[in-house]
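The values are calculated or read from the model by the stated rules, or taken from the named source; none is laboratory data. The structure displayed is predicted, hence computed values, not measured ones. Methodologically, a virtual Cβ is constructed for each residue, glycine included, from the backbone with ideal geometry; neighbour enumeration extends over all protein chains shown.
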């Protein structure tokens, strides 16, 4: 199982021994605060575990009506891919930048335009050998993501069930899973807020569907000690194996 823990890139070096002890890979968030810190990236240790990155996303939107924001977004994403290579990452996750509260019609209208704006990023990721994944965030349903994924076949899908249940109008996983995700963000929530709790603490009910996607890359996006999530996964796997016998 390709299981990774989400953390900030600043914490990657310090956390490396514990990650190796737990048998986990990592997904490092490329915090814009340190993205320009050459020392941090050039002197990063070569790690023995699998590594992906989460590209910057706060206040970024490739389709922002402010051209300075749109230009900054493109530069941030492209530079983030360069940093991913410096760290030795094999995968990178990004958000669409769709603002919260958009209607399904607005999301669909935006989708083909976003796909064209994203094309240089997809092209650069392919040239660098980094697999790129688009994560569901504030999309009201999967329809707009499907348009983007069909326009850009090199782009994969990252499914976050908590985002779907808290932010979207389509809380059930099946419509999203029809997009064939190969990268998953796993955490739990309280039904109202994206808490990033450990698995099993809240209302996510990942056990209802996760068994079909154990070959995907699984990223624990939890705050604090991930041990409860690891115990939950161990119990889930034991139950899955028992039911298969």
> Can you spot a residue in the stretch 53-65 that is more than 22 Å from residue 38 (Cβ to Cβ), surrounded by fewer than 15 Cβ atoms within 10 Å (Cβ to Cβ), in contact (Cβ under 8 Å) with a residue 12 or more places away in the chain and over 16 Å from the mean Cα position of the chain (by Cα)?
Replying inline: no
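Which residue out of 34, 85 is within 30 Å of residue 19 (Cβ to Cβ), part of a loop (DSSP other than H, G, I, E, B) and in contact with a helix residue (DSSP H, G or I) (Cβ under 8 Å, 6 or more places away or on another chain)? Quick ask: steps written out before the conclusion?
Numbers: 85 fails: part of a loop (DSSP other than H, G, I, E, B).
Sole residue among the options that is within 30 Å of residue 19 (Cβ to Cβ), part of a loop (DSSP other than H, G, I, E, B) and in contact with a helix residue (DSSP H, G or I) (Cβ under 8 Å, 6 or more places away or on another chain): 34.
I need the full set of residues from the stretch 211-232 which are touching a helix residue (DSSP H, G or I) at 6+ places or on another chain (Cβ under 9 Å), part of a helix (DSSP H, G or I) and under 21 Å from residue 21 (Cα atoms), in order please. Full working, then the answer.
Filtering the stretch 211-232 for residues touching a helix residue (DSSP H, G or I) at 6+ places or on another chain (Cβ under 9 Å) gives 211-214, 218, 220-222, 226-227, 230, 232.
With part of a helix (DSSP H, G or I) added as a condition, the list becomes 211-213, 227, 230, 232.
227, 230, 232, listed by residue number.
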> When residues of the stretch 42-53 are filtered for being at pLDDT 95 or above and not in a strand (DSSP E or B), how many remain?
Replying inline: 1
>> I'd like to know if the stretch 121-137 contains one or more residues that are out of contact with any strand residue (DSSP E or B) (no Cβ under 9 Å at 6 or more places or on another chain), within 28 Å of residue 169 (Cα to Cα) and buried (at least 22 other Cβ atoms within 10 Å of the Cβ).
In response: no
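Look through 171, 112 and report the one residue that is free of Cβ contacts under 8 Å to residues at least 24 places away in the same chain, more than 18 Å from residue 229 (Cβ to Cβ), touching a helix residue (DSSP H, G or I) at 6+ places or on another chain (Cβ under 8 Å) and surrounded by fewer than 16 Cβ atoms within 10 Å (Cβ to Cβ). Steps first, answer last, please.
On the way: 112 fails: free of Cβ contacts under 8 Å to residues at least 24 places away in the same chain.
The match here is 171.
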> So how many residues does the stretch 180-193 have that are part of a loop (DSSP other than H, G, I, E, B) and buried (at least 18 other Cβ atoms within 10 Å of the Cβ)?
Replying inline: 3
> If you go through the stretch 92-108, how many residues are surrounded by 14 or more Cβ atoms within 10 Å (Cβ to Cβ) and free of Cβ contacts under 8 Å to residues at least 24 places away in the same chain?
Replying inline: 1
> Out of 177, 230, 199, which single residue is without any contact (Cβ under 8 Å) to a residue 40 or more places away in the chain and either under 22 Å from residue 51 (Cα atoms) or exposed (fewer than 15 other Cβ atoms within 10 Å of the Cβ) (or both)?
Replying inline: 199
> Of all strands (runs of 3 or more DSSP E) completely enclosed by the stretch 89-177, which ones contain at least 3 residues that are under 20 Å from residue 210 (Cα atoms) and modelled with pLDDT of 95 or more?
Replying inline: 131-135, 156-160
